[in-house]
Amino acid sequence: MEPLDSSRIQPDAPFFPAAMRWGLIGGLISVVYFLLGNTLGFGRPSAGIAMIAVNFVVSLAISVIVAVMAIKAYRDKDLGGYINFGKAFLTGFVALLISGVIGIIFSYIYMNFIEPDYAQNVMRESMEMMEDFGVQMDDAQMEEAMQRGGNPGSIMSMLFGFLGSAFFSAIISLIVGAVMKKDPAANV
């Protein structure tokens, strides 16, 4: 590890530039991954349960990497290599929130303007996948399930998406922040 350069330490340095940069990068990566998955078919329910699990793991990995990179950038470039848990958590949380908001806005645009039938197609593919597992539904049950699912391209759906994003961003940031905190007193 390089020696501490006290001229670089700015304890009051704002965390937001690092969080914003990595949140934008994470949002862009997520959008590109979604588009690739949708275009190539590995992001659709018709790709199967294994690909759904792989997509979940990839999305989780993207989130963890975004939080790690945001915290690392803030800690190493602005705080001279040290960061407390609170600043680490906040940096990761805001980066992931920004990334999540980009994904939510993109989803809204995609489902309402680019592919308006996206939600219906995904629901149909999900029903077909369930039938492959032996779950039988008649037309009335399928219609009820589709209505219960609501309109994924609605403002209310965006609000729930934001709340879910905030919840998972907090969990990931708690874990990553706890791992990445680096107290100067611990290294004396």
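The values are calculated or read from the model by the stated rules, or taken from the named source; none is laboratory data. Note that the coordinates shown come from a computational prediction; the quantities given were computed from them, not determined experimentally. All Cβ positions, glycine included, derive from the backbone under ideal geometry; neighbour counts span all protein chains shown. Only protein heavy atoms, including side chains, enter the accessible area calculation; ligands, DNA and RNA are left aside. Shrake-Rupley method; radii C 1.70, N 1.55, O 1.52, S 1.80 Å.
Of Gly92, Gly100, Gly81, Gly153, all but one fail to be modelled with pLDDT of 80 or more, open to solvent by less than 30 Å² (accessible area, probe 1.4 Å), of a type outside the set (Ser, Thr, Tyr) and within 29 Å of Gly48 (Cα to Cα); the exception is Gly100.
Residues that are over 28 Å from Phe162 (Cα atoms) and without any contact (Cβ under 8 Å) to a residue 24 or more places away in the chain: does the stretch 82-92 have at least one? The answer is no, given that none of the residues of the stretch 82-92 is over 28 Å from Phe162 (Cα atoms) and without any contact (Cβ under 8 Å) to a residue 24 or more places away in the chain. Just one residue in the set Asn121, Asn112 is within 25 Å of Ile25 (Cα to Cα) and surrounded by 12 or more Cβ atoms within 10 Å (Cβ to Cβ); that residue is Asn112.
Condition first: open to solvent by less than 70 Å² (accessible area, probe 1.4 Å) and touching a residue at least 40 places away in the same chain (Cβ under 8 Å). Can you find one or more residues in the stretch 52-59 that meet it? Checking the stretch 52-59: not a single residue is open to solvent by less than 70 Å² (accessible area, probe 1.4 Å) and touching a residue at least 40 places away in the same chain (Cβ under 8 Å).
Inspect the stretch 129-141 for any residue being closer than 25 Å to Leu24 by Cβ, of a type in the set (A, V, I, L, M) and exposed (fewer than 15 other Cβ atoms within 10 Å of the Cβ) and give the result as yes or no. No: zero hits.
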